[in-house]
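The values are calculated or read from the model by the stated rules, or taken from the named source; none is laboratory data. Values in this document were obtained by computation on a predicted structure and should not be read as measured data. With ideal geometry, Cβ positions are generated from the backbone for all residues, glycine too; neighbour counts draw on all protein chains shown.
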């Protein structure tokens, strides 16, 4: 992926990708079934969104008989990196410090999470020497 690429994803697109990442591949019916408990979506809405996402190279399909099996073409890490970078740039004017400060102040953080953050900081310090 080009580092400057930003994946603009709506909530439904992100949920569809999460379903495909979890399942590996799925039919429209499978994706619809996974989304149905949390959203009142028509089957045709999911089918249309998958076609639109395929046109954007976010997903692809293969045919098994008369059934289309969809899978994600982009990795979760790629989307996380893209969305995270975009968030820091747009909301925090590029300041990672401000972004982390906001997250630490606005949500409950466990000792385990703090220890993981400290380890990430130590690893980053070693890489910048």
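Of note:
Residue-wise test of (1) out of contact with any strand residue (DSSP E or B) (no Cβ under 8 Å at 6 or more places or on another chain); (2) at positive phi; (3) outside the structural domain of residue 10 (by TED's automatic domain parsing).
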{"residue": "60", "(1), (2), (3)": "no, no, no"}
{"residue": "64", "(1), (2), (3)": "yes, no, no"}
{"residue": "80", "(1), (2), (3)": "yes, no, no"}
{"residue": "83", "(1), (2), (3)": "yes, no, no"}
{"residue": "121", "(1), (2), (3)": "yes, no, yes"}
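- Within region 16-33, the set of residues being under 16 Å from the mean Cα position of the chain (by Cα) and crowded, with 18+ Cβ neighbours inside 10 Å comprises 16, 17, 19, 20, 31.
- When residues in region 64-99 are screened for being over 16 Å from the mean Cα position of the chain (by Cα), free of Cβ contacts under 8 Å to residues at least 12 places away in the same chain and part of a helix (DSSP H, G or I), 6 of them pass.
- Residue within region 28-41 that is under 29 Å from residue 89 (Cβ atoms), in a helix (DSSP H, G or I) and at pLDDT 95 or above present: no
- Out of 11, 40, one residue alone is more than 30 Å from residue 99 (Cα to Cα) and surrounded by fewer than 17 Cβ atoms within 10 Å (Cβ to Cβ). It is 40.
- Top-ranked residue of region 43-67 - restricted to ones that are more than 23 Å from residue 78 (Cα to Cα) and in contact with a helix residue (DSSP H, G or I) (Cβ under 7 Å, 6 or more places away or on another chain), ranked as surrounded by the fewest Cβ atoms within 10 Å (Cβ to Cβ): 43
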